[in-house]
Every structure is written in C-alpha cells, then in structure tokens.
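The structure appears right after this line, and notes come after that.
The values are calculated or read from the model by the stated rules, or taken from the named source; none is laboratory data. What you see is a predicted model; the values in this text were computed from it and never measured. Using ideal geometry, Cβ is built from the backbone for each residue, glycine included, and neighbour counts are taken over all protein chains shown. Note: accessible area is taken over every heavy atom of the protein model, side chains too, but ligands, DNA and RNA are not part of it. Shrake-Rupley method; radii C 1.70, N 1.55, O 1.52, S 1.80 Å.
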Amino acid sequence: MPNYDPLAEFRMDGHAVLITGGAQNIGAGVAKGLAGAGAKVMIADLNGDKAKETAAEIAALTGGHVLGTKCDVTNEADIQSVVSATAEAFGGISTLVNNVGWGAVNPDPLAVSAEDMLASYKLNTISAYRMSAACAPHLFKAKNATITNSGSFSSAIPAYPILAYSTAKAGLNQLMISLAHALAQKVRVNSVLIGTIITAGYASAGIDAATQEKMMHPDNLTGRPGRPEDIANAMLWLASPAGSWVSGQIINVHGGGAVYRLMGH
C-alpha cells in the first residue's frame, strides 16, 4: 500500500455542509459531490419535497448523511430556521454553499422594472449575504470553515438579455471579496464563476428550445457545455482541505471562455 495519497485532502469527512438550491440541477450535483467525499449535507430548497427526495437519492448513492428541507432564502425566518436545523442535525456547520440563484430573460434591457431588479438582487445577492451572516457563528467554531458561492459568467461579460440576473450576480462577486477580507483567517470565502451548464433551469428562465440547442455547442475553448459535475469538482476543491490556501478568489469554470471574444473578432 502506498504511504502517500494525493487525494486525501479532497476528503470532506467530518464536515457539515449547508447548500441552498440543492434539490436539482447544479446544486444537486454539488450536494452529491460533497456527500460522496464524506461530508454530511443539508439540502435547503424552496421545493422542500424535492429537496428531501434528492437527499434520499444522494444518501443511497453515497452512503452519506444527507437531509433535505424547505427554505425560502429570501425569508429571514426560514434562513434562521434552516441554519439552526443544520447545526442541530450535524453538530455544527463548517461549509456553506450559496448556490441558489435564478433569473428570467428580459428581451428589452431598457424595460426591466425596478421591482424585477430588486427581486433578482434579493434572491441572488442578499440571500447569500444573510445566509453567510447566519452561519458565521457556527463557521467560526469549525476547522477549515468555508463559504463558496455559485457565481455566473454573465456577471463578467455583456449579458443584457438577463440584465437583472447578471447585475445581481456581479454584486455577488463584490460580496464575496468583501466577506473574504472581513472574515480573513477565520472563514475562507470564494466564488465559482459558472458558464453554460444545460439544465432544466434554462427552460424555466424563458430560454427557448432553439437557443438551448445552440448552447449545446458553445464556442468555448473546450467545445462543450458544462456539467453539474464540473462545478461540483471545483467546489469540492475550494471547500475541502485541498483548497486551504485559497480565499477571496473568483474561480472561472466556464470551458475556458469564448474563442470568439478571446480572438477579438
């Protein structure tokens, strides 16, 4: 038997994870990845039944301790409740994944209502801040405490068809950097800038079938859209001891970026 295992620091044994929006799509992939690495995982989702169903599936697949519960991350009482429930079930919280996020297509970027802008900011940015603040007392007690956010490539490029969403995700980038400095040497805080991951979420955002088909053949450096597993792998690195020297960073996981933009045509 070898005496050295380079993958040992990617293990999450003993870690207690709270992930928002984890019932399906990217969030479910991340929950599965962290549970598979040995973490105890609480899936918090607006669809409580789906959260419990996904938790049961992941537990059966990984043999881990995985729970699911309903949580509206725009509701302060729900945030406090799910944080308390997670800490009670797992004996603490060492890992927060602010994954929840959504944004509708707005064909006219000059016709987005103030209400829609505020609603997007509340869901995509404020919820991550409030969840981070609520988890902080537990994170301060944990070893290798981390907060990892699901960011969006749309926050870093012109993305006017989804203006409210991309603007809110840009705010999330600033939130991450500020929290990483505010919590320095106590909690590591990072974000994954996510590119095109084809999931059911695109249809619910109003992206038509033709556009989704086009997105299946992206003009990026890898030539393929991403999979939830691609994001899960990046988040496992950031949350695990393997990423213990990484904080305050935006990690781009988007197929390397678009060839078209990079070539300047």
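Tabulated data for the structure shown
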{"quantity": "For segment 1-142, convex hull volume per residue from C-alpha positions, Å³", "calculated": "137"}
{"quantity": "Rounded tilt (10° steps) of 25-36 against the dominant C-alpha axis of the chain", "calculated": "20"}
{"quantity": "Rounded tilt (10° steps) of 127-139 against the dominant C-alpha axis of the chain", "calculated": "10"}
{"quantity": "Nearest 10 degrees, 0 to 90: helix 163-182 Cα axis against the chain principal axis", "calculated": "40"}
{"quantity": "Residue-normalised accessible area of the chain, given per residue in Å² at a 1.4 Å probe", "calculated": "49"}
{"quantity": "Dipole magnitude of segment 1-152 about its Cα centre (Cβ charges: Lys, Arg +1; Asp, Glu -1), debye to nearest 20", "calculated": "400"}
{"quantity": "Accessible surface of the chain, 1.4 Å probe, proportion on carbon and sulfur as whole %", "calculated": "58"}
{"quantity": "Dipole of the chain, positive direction: furthest Cα of Cys135, Val100, Ile26, with charges on the beta-carbon", "calculated": "Cys135"}
{"quantity": "Exposure ranking of Ile198, Ile26 by accessible area [1.4 Å probe, largest first]", "calculated": "Ile198, Ile26"}
